[in-house]
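Below is one structure, written out as structure tokens; comments come after it.
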Amino acid sequence: MPKEKILITGSNGFIGGFLVDEALRSGLDVYAAVRKHSNQETLKEQNVSILEVDYDNKDELSETLKQYNFDYIIHNAGITKSPDLQQFMLVNKGLLVKLTDSIIESGIKLKKFVYMSSLAAYGPADNVPDEIIREQSPPKPVTRYGVSKLAAEQYLISQNNLPYVIIRPTAVYGPKDKDFLSVFQMIKYGFNLQPGIGSQRLTFIYVKDLASLILNATLSHHVKKTFFAADGKVYTADVFTKLIEKNLNKKTIKIKVPISIVRTLAFFTENTGKIWGKYAILNSDKVNELEARVWNCDVSNLNHELGFTAKYDLQAGIDETISWYKANNWL
């Protein structure tokens, strides 16, 4: 009996690489969709078929989908950093529109289309009941990234003929991640900068747990469903940094920086970046994320609908992440 075929976009990225691993473990025939001239080295080491796709060539993309007749597609490609909303919309919504239009034009009968969205599409839980974002909560993204993800979700939901599932992960960390690397590096050198007076309440999910959850959703019977993705616990920012300190055996100097100062710094770095044509890591979107006090979401349906329980708590995930960082000379 032939294996079921799955196409994973953005498969050469941080989360995408772990999705490929999990799909292979699930016994699927895995196809990795990448852009031409992108880094494919890690994929060449795995038992996957690499497809170079041109999202701007609708006819070619439709023909490719028709030729391989995929059973499942996980759309993970996108960007998390950009200086303007237009670029976010062009990629995060635009690629989804091009891909779904090509699926419809190809005539293939997908069993599941899984879209990787983000908790950022709904925003923080500061002003909602119980300070928990739920499915019925009104989406209020506070970043341009979140706005683009919400727009993509809304477009996908309008496609009545697609058997979609939407996954909204909270903060994702793990080996190969670069977004949290600066926090680990800062603590290694003995500093612990924290914005705001009070500590944020945060949620996390380890990348291996997220990949497992996504494959569970892909192979499940659920369609036209959405799931928030987190490990089920709420942590303070202090706990997150203390667990890193514990692993690295470091004592740090904690420096609390008022949000007003962070926002002023972000104004200058963002505008300087625009002048030089560079992306500023500290920008208005980042300040909006830091200013929000609660990033919590309802994941009560993960276990009884997908049979998912996180295998990694924050300490175990941090320990494994640090081991990878050290082994690969990132830390």
Query - Candidates A237, A229, A292, A217, filtered to the one that is closer than 24 Å to K188 by Cα and small (G, A, S) - result: A237
Query raised in the report: Which residue, of F308, F267, is touching a helix residue (DSSP H, G or I) at 6+ places or on another chain (Cβ under 7 Å) and over 29 Å from W330 (Cα atoms)?
Result: F308
Requested in this report: Search segment 264-305 for residues being at pLDDT 80 or above and basic (K, R), and hand back the single one that is surrounded by the most Cβ atoms within 10 Å (Cβ to Cβ).
Outcome: K286
Query raised in the report: In segment 170-193, is there at least one residue being in a helix (DSSP H, G or I), touching an Asp or Glu at 6+ places or on another chain (Cβ under 9 Å), touching a residue at least 60 places away in the same chain (Cβ under 8 Å) and within 17 Å of E320 (Cβ to Cβ)?
Result: yes
Query raised in the report: Limited to segment 65-98, what total is found for residues that are among the β-branched types (V, I, T), assigned to a helix (DSSP H, G or I) and within 23 Å of L215 (Cα to Cα)?
Result: 1
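Considering L156, L96, L90, which residue is in contact with a Phe, Trp or Tyr (Cβ under 6 Å, 6 or more places away or on another chain) and either surrounded by fewer than 22 Cβ atoms within 10 Å (Cβ to Cβ) or at pLDDT 95 or above (or both)?
Numbers: L96 fails: in contact with a Phe, Trp or Tyr (Cβ under 6 Å, 6 or more places away or on another chain); L90 fails: in contact with a Phe, Trp or Tyr (Cβ under 6 Å, 6 or more places away or on another chain).
Selected residue: L156, the only one of L156, L96, L90 that is in contact with a Phe, Trp or Tyr (Cβ under 6 Å, 6 or more places away or on another chain) and either surrounded by fewer than 22 Cβ atoms within 10 Å (Cβ to Cβ) or at pLDDT 95 or above (or both).
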Report summary line: When (1) surrounded by fewer than 21 Cβ atoms within 10 Å (Cβ to Cβ); (2) under 30 Å from P258 (Cα atoms); (3) of a type in the set (A, V, I, L, M, F, W, C); (4) modelled with pLDDT of 95 or more are applied to I197, the one that fails is (4)
Query raised in the report: When both residues are 6+ apart or on different chains and their Cβ atoms are under 8 Å apart, which pairs have a first residue that lies in segment 302-331 and is closer than 13 Å to F184 by Cβ, and a second that is of a type in the set (V, I, T)?
Result: I318/I244; I322/I244; L331/I322
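Hey, could you check segment 103-117 for residues that are over 19 Å from Q154 (Cβ atoms) and outside any loop (DSSP other than H, G, I, E, B) and say which is nearest to the chain's Cα centre (by Cα)?
Going through segment 103-117, the residues over 19 Å from Q154 (Cβ atoms) turn out to be 105-112.
If we keep only those that are outside any loop (DSSP other than H, G, I, E, B) as well, we get 105-106, 112.
Values: E105: 28, S106: 28, K112: 19 Å.
Result: K112.
Condition check: surrounded by 14 or more Cβ atoms within 10 Å (Cβ to Cβ) and either among the aromatic types (F, W, Y) or over 26 Å from Y206 (Cβ atoms) (or both). Does S220 satisfy that? Lay out the reasoning, then the answer.
On the way: surrounded by 14 or more Cβ atoms within 10 Å (Cβ to Cβ): yes; either among the aromatic types (F, W, Y) or over 26 Å from Y206 (Cβ atoms) (or both): no.
No: the conditions fail for S220.
For residues that are of a type in the set (G, A, S) and over 20 Å from the mean Cα position of the chain (by Cα), scanning just segment 317-330, find the one that is nearest to V207 (Cα to Cα). Reasoning before the result, please.
So the first thing to find is which residues in segment 317-330 are of a type in the set (G, A, S), and the list is 317, 323, 327.
Then drop every residue that is not over 20 Å from the mean Cα position of the chain (by Cα), which leaves 323, 327.
Working: S323: 15, A327: 18 Å.
Result: S323.
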Query raised in the report: Does K140 satisfy being over 19 Å from Y72 (Cβ atoms), assigned to a helix (DSSP H, G or I) and among the basic types (K, R)?
Result: no
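Could you list all residues from segment 243-255 that are surrounded by fewer than 14 Cβ atoms within 10 Å (Cβ to Cβ) and under 20 Å from G198 (Cβ atoms)?
Kept after step one, since they are surrounded by fewer than 14 Cβ atoms within 10 Å (Cβ to Cβ), are these residues of segment 243-255: 246, 249, 251, 253-255.
Result: I253, K254, I255.
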Requested in this report: May I ask you to list the residues in segment 113-136 that are polar (S, T, N, Q), farther than 29 Å from N69 by Cβ and at pLDDT 95 or above?
Outcome: S118
Report summary line: Restricting attention to segment 29-54, the residues that are part of a strand (DSSP E or B), farther than 11 Å from N12 by Cα and of a type outside the set (S, T, N, Q) number exactly 5
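The values are calculated or read from the model by the stated rules, or taken from the named source; none is laboratory data. Quantities reported herein were computed from a predicted structural model and do not represent experimental measurements. Note that each Cβ is placed from the backbone with ideal geometry, even for glycine, and that neighbours are counted across all protein chains shown.
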